[in-house]
Amino acid sequence: MVSIKDQIVLITGASSGIGAACAKIFAEAGAKLILVARRQERLEELAQMLKGTAVHLLPLDVRDRVSVESAFSSLPADWSNVDILINNAGLSRGLNKLHEGRIQDWEEMLDTNIKGLLYCTRFLVPGMVNRGRGHVVNLGSIAGHQTYPGGNVYCASKAAVKAISEGLKQDLLGTPVRVTSVDPGLVETEFSNVRFHGDTDRAKKVYQGLTPLTPEDIADVIFFCVTRPAHVNISEILLVPTDQA
Ligand code: NDP
């Protein structure tokens, strides 16, 4: 197992769910954490919980290319050599038929799940290549493997993440930088609440009749992937609740 101690791990979408669980597991292993999300107060609460861990907060919107580039290029010198990038920020909006969908919802999903991930990758991977070490973990989804009714644009965004992960891996062949796509099924987080624009009753129904994965289940798998020996690249992991089809 490769040690994570003192490695710099940048996690997007660290203010809740899977991202926050990743922050905790990497903190326990002695990593230095750069935490990215829009809700600064949630990042501050998390940093408070992780007392004793070196934490650098970057409150920003990954859809804003200029902010991402400027925040990453002006990291203090002792934070600038990011070893592990966890592209986790993402969301689903609505579960509507395509021909009845809200265009604003589509833009939010495509801009966050695809373009935000691309910006973070574009601005951080060159440093990894130059330094001869690094790992990019992208949060895909079972939605990138199968399309369900009303899933249309969200599924398309995660199918794009799958293609981008595979493309990046091909493009990095010959360098030691690794790329992994972690593709979960249902995980109980704020995700469903966000999807249904705060309709908590509708959100809870999503998990009825099955035992969803927890954010910690996903963080655990991500941690496993990045701590394999340097010659092992786990390209893709699909993990679903035992009772999810
Ligand atoms: P959460 O809603 O709990 O977390 C999403 C995170 O993304 C939040 O921290 C949110 O922070 C951040 N985020 C959203 N938009 C932006 C933005 N524009 N800029 C910066 N940060 C942003 O959901 P999950 O933890 O479940 O989701 C994490 C990832 O896992 C997503 O990519 C999702 O698609 C994927 N996934 C989730 C599944 C599930 O069932 N939950 C299943 C499969 C994949 P903030 O609002 O503060 O900006």
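What the table shows:
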item: First in region 138-151 and closer than 24 Å to Ala219 by Cα and in contact (Cβ under 8 Å) with a residue 40 or more places away in the chain, second anywhere and in a loop (DSSP other than H, G, I, E, B) and hydrophobic (A, V, I, L, M, F, W, C), Cβ under 8 Å, 6 or more apart; result: Ile142/Val240
item: Search result, residues across region 161-212 that are in a helix (DSSP H, G or I) and either within 14 Å of the chain's Cα centre (by Cα) or of a type in the set (Phe, Trp, Tyr) (or both); result: Val161, Lys162, Ile164, Ser165, Phe191
item: Residues that are more than 8 Å from the ligand (Cβ to nearest atom) and in contact with an Asp or Glu (Cβ under 6 Å, 6 or more places away or on another chain), drawn from region 173-221; result: Ser181, Tyr207, Leu210
item: Residue that is farthest from Val125 (Cα to Cα), among those in region 209-227 that are surrounded by 19 or more Cβ atoms within 10 Å (Cβ to Cβ) and touching a residue at least 40 places away in the same chain (Cβ under 8 Å); result: Pro215
item: Sole exception among (1) closer than 27 Å to Asp111 by Cβ; (2) buried (at least 19 other Cβ atoms within 10 Å of the Cβ) for Val206, by number; result: (2)
item: Answer residue from region 111-154, given it is β-branched (Val, Ile, Thr) and within 20 Å of Asn88 (Cα to Cα) and is nearest to the chain's Cα centre (by Cα) among those; result: Val137
item: Close pairs (8 angstrom Cβ cut-off, 6 or more residues apart or separate chains): small (Gly, Ala, Ser) and modelled with pLDDT of 95 or more in region 100-124, within 14 Å of the ligand (Cβ to nearest atom) and assigned to a helix (DSSP H, G or I) anywhere; result: Gly101/Val153; Gly116/Val68
item: Test for Met1: is it of a type in the set (A, V, I, L, M, F, W, C), more than 19 Å from the chain's Cα centre (by Cα) and within 16 Å of the ligand (Cβ to nearest atom); result: no
item: Criterion violated by Gly52 - all others in (1) more than 12 Å from Ala89 (Cα to Cα); (2) of a type outside the set (Val, Ile, Thr); (3) in a helix (DSSP H, G or I) satisfied; result: (3)
item: Residues that are surrounded by fewer than 24 Cβ atoms within 10 Å (Cβ to Cβ) and within 14 Å of the ligand (Cβ to nearest atom), drawn from region 22-33; result: Lys24, Ile25
item: Residue identified as within 15 Å of the ligand (Cβ to nearest atom), under 18 Å from Cys120 (Cα atoms) and buried (at least 16 other Cβ atoms within 10 Å of the Cβ) among Gly94, Gly19; result: Gly19
item: Residue within region 35-43 that is among the polar types (S, T, N, Q), touching a Lys or Arg at 6+ places or on another chain (Cβ under 9 Å) and within 15 Å of the ligand (Cβ to nearest atom) present; result: no
item: Boolean, Leu91 is more than 25 Å from Ser141 (Cβ to Cβ), in contact with a helix residue (DSSP H, G or I) (Cβ under 6 Å, 6 or more places away or on another chain) and of a type outside the set (Gly, Ala, Ser); result: no
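Listed here are the residues, each with its yes/no results for (1) near the ligand (Cβ under 10 Å from one of its atoms); (2) outside any helix (DSSP H, G or I).
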| position | (1), (2) |
| --- | --- |
| Ser67 | yes, no |
| Ala71 | no, no |
| Asp78 | no, no |
| Gly90 | yes, yes |
| His99 | no, no |
| Asp105 | no, no |
| Gly116 | yes, no |
| Phe123 | no, no |
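The values are calculated or read from the model by the stated rules, or taken from the named source; none is laboratory data. As the structure is a prediction and not an experimental result, all values here were calculated from the model. Here Cβ is always computed from backbone atoms with ideal geometry, including for glycine, and neighbour counts include all displayed protein chains.
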